[in-house]
Number of protein chains: 2
Amino acid sequence: MKARIFVTLKEGVLDPQGQAIEGALSALGFSGVGAVRQGKVFDVELEETGEPAEARLKAMCETLLANTVIEDYRIEMG
Amino acid sequence: MKARIFVTLKEGVLDPQGQAIEGALSALGFSGVGAVRQGKVFDVELEETGEPAEARLKAMCETLLANTVIEDYRIEMG
């Protein structure tokens, strides 16, 4: 089974990378661009499927893929 | 308008970051994990909407957000 995991900064957490991209876009002449936030995406292949797979993906996020103090994660099973 | 842009490595391009995560997951006791690939996600706010917005997002990807030699991008308008 293939799953996609999104890890994004929680709202209110400063995102210097996103701000740098915002600045670069405006320097390149792209006007009318509001906030830019950068996150990570992980494509994971698993042997399991269904609920056990989701539970394991959640455990992976909690222990390795996301820093839950400042990041949110979302799992999309494909 | 809010848009989400996914930037992922093209198939066949080596992903050392993904491989490191794969190794770390197996070291943490997560067995049965196949390939892991890491990508980036950008949440962009734009003043424009519809087709002009999509054209601008495409231009942003081509010039700044993605390295089209090794990366693919996908735009999702919200």
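Just a few scattered comments:
- Taking amide H positions as modeled 1.01 Å from N, with prolines and chain starts lacking one, the residues under 5 Å from B:Glu71 and 5 or more places away or on another chain are B:Lys10.
- Dipole moment magnitude, nearest 20 debye, the protein assembly as shown about Cα centre, only Lys, Arg, Asp, Glu C-beta charged: 160 debye
- Exam field: A:Glu76 pseudo-label spacings to other copies (7 Å along Cα-Cβ), nanometres: 0.2
- The distance linking the range A:29-64 with the range B:1-51 is 7 Å (Cα centroid to Cα centroid, whole angstrom).
- Chain B - percent of accessible surface contributed by carbon and sulfur, probe 1.4 Å: 51 percent
- Placing a label point 7 Å from Cα along the Cα-to-Cβ axis, B:Ala59 is separated from the same position in the other copies by 4.9 nm, shortest listed first.
- Close Lys-Lys pairs in the protein assembly as shown, where close means Cα under 21 Å and separation is 8 or more or interchain: 19
- Across the range A:2-77, the mean sequence separation of Cα contacts (distance under 8 Å, 6 or more residues apart), normalised by length, yields a relative contact order of 52 percent.
- For the protein assembly as shown, the solvent-accessible area of protein heavy atoms averages 55 Å² per residue (probe radius 1.4 Å; ligands and nucleic acids excluded).
- Residues of the range A:22-52 that bury at least 40 Å² of accessible area once all protein chains are present, compared with their chain alone (1.4 Å probe, heavy atoms only, ligands and nucleic acids left out), are A:Leu25, A:Phe30, A:Gly32, A:Ala35, A:Arg37, A:Gln38, A:Val41, A:Phe42, A:Asp43, A:Glu45.
- Unit charges at the beta carbon, dipole of the range B:2-77: most positive-side option, B:Leu28, B:Val13, B:Asn67: B:Leu28
- The range A:17-78: GluC sites (Glu not before Pro) in DSSP loop, at most 16 other beta carbons within 10 Å: A:Glu47, A:Glu48
- Charge dipole (debye, nearest 20) of chain A; +1 at Cβ of Lys and Arg, -1 at Cβ of Asp and Glu: 220 debye
- Helix-only CD estimate at 222 nm, as mean residue ellipticity for the protein assembly as shown, using -39500 (n - 2.57) per DSSP H run (n ≥ 4): -9000 deg cm²/dmol
- The 3J(HN,Hα) values that the Karplus relation (6.51, -1.76, 1.60; θ = phi - 60°) gives for the range B:13-23 are, in residue order, 7, 4, 10, x, 5, x, 5, 5, 5, 4, x Hz. Gly and Pro appear as x.
The values are calculated or read from the model by the stated rules, or taken from the named source; none is laboratory data. As the structure is a prediction and not an experimental result, all values here were calculated from the model. Heads up, the Cβs are rebuilt from the backbone with ideal geometry, glycines too, and the neighbour counts pull from every protein chain shown. Only protein heavy atoms, including side chains, enter the accessible area calculation; ligands, DNA and RNA are left aside. Shrake-Rupley method; radii C 1.70, N 1.55, O 1.52, S 1.80 Å.
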